[in-house]
1. Under a point-charge model restricted to the Cβ atoms of Lys and Arg (+1) and Asp and Glu (-1), what is the dipole moment magnitude of segment 65-144 relative to its Cα centre, in debye to the nearest 20?
2. So, by mean Cβ neighbours within 10 angstrom, what's the order for 10-17, 157-164 with the highest one leading?
3. In bins 5 Å wide, starting from 0, what share of all Cα pairs of segment 91-148 does each bin hold, as a percent?
4. Based on the Kirkwood radius over alpha-carbon pairs, what value in µm²/s does the Stokes-Einstein equation return for the translational diffusion coefficient of segment 44-141 at 25 °C and 0.890 mPa s?
5. Put +1 on the Cβ of every Lys and Arg and -1 on every Asp and Glu Cβ in segment 107-192; which of ASN163, ILE113, ASN175 then has its Cα farthest towards the positive end of the dipole?
6. Ignoring ligands, DNA and RNA, what percent of the accessible area of the chain is carbon or sulfur (1.4 Å)?
7. Along the three principal axes, how long is segment 67-124 when you take its alpha carbons, biggest first, rounded to the nearest angstrom?
8. Does segment 113-192 come out rounded, prolate or oblate by the C-alpha gyration tensor, with a ≥ b ≥ c the root eigenvalues, rounded set by a/c under 1.5 and, if not, prolate when a/b is larger than b/c and oblate if not?
Amino acid sequence: NFIIVSDMVSPADAKEHTYTQNWHTYAGNLSNATINNTTKIGKTNYSSGSNLIIAQANKDNLTLTLEEGFSALSPNTTDYFCYTQKATGDVMYNTVLYPTQEGNSVDVAVANIDTGVDPAVASAMSINLFKNEDDVDNVIYYNSFEETPSERSFGGYTTNSANVTIQQNADDVPNFLSMYNGNILQEIHQSI
């Protein structure tokens, strides 16, 4: 029901750079796009048809703005979503793109999950989807950039995979699992 985009930018030097990640949406209709700079979520607001929610997991030192641009589809200017940050070293973006059907009330909450290593080595995030104000899906996503992934823990699980996606219902019961390039996935049980 949604797309996860994991981007990593690796500079050739150790200097501070300004990075921008731009998301351009359909310009044929005016969307009256909105942004929330606390949650780092951008939304299109087309009066009819589908809309799109764009959410970032890494909110540290990240600014979200609406910028004005042009499109071959429209003689009018159009807004696009621009995520900007200044950083040294590798920069990681975990982005959720969630399309919404006309008439549906959907919210997305995205947060980083600590993997114990730099996000340029391995990163994880939680994605909570709320439809009509009900918590319907919780997704835990893990991605390792290592050539040979190490075994590590994230969000209540341990894996040696390059990529894991676990979808859970509102009661945290898994109902979908995808693993790539690994053979271990264990749920961590904590004693009380």
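The values are calculated or read from the model by the stated rules, or taken from the named source; none is laboratory data. Please read these numbers as outputs of a predicted model, since none were measured by experiment. We place every Cβ from the backbone using ideal geometry, glycine too, and count neighbours over all the protein chains shown. Surface accessibility is based on the protein's heavy atoms, side chains included, excluding ligands, DNA and RNA. Shrake-Rupley method; radii C 1.70, N 1.55, O 1.52, S 1.80 Å.
1. Working: 2 positive and 12 negative charges, 50 e Å.
Value, rounded to 20: 240 debye.
2. Per-residue Cβ counts within 10 Å, averaged per peptide and sorted highest first, yield 157-164, 10-17.
3. Going out from 0 Å in 5 Å bins, segment 91-148 shows 4, 17, 24, 20, 13, 10, 7, 4, 1 percent.
4. 157
5. Final value for the positive-end residue is ASN163.
6. Within the chain, the accessible surface is 46 percent carbon and sulfur.
7. 48, 32, 14 Å, listed from the longest principal axis down.
8. Cα axes put segment 113-192 in the prolate bin.
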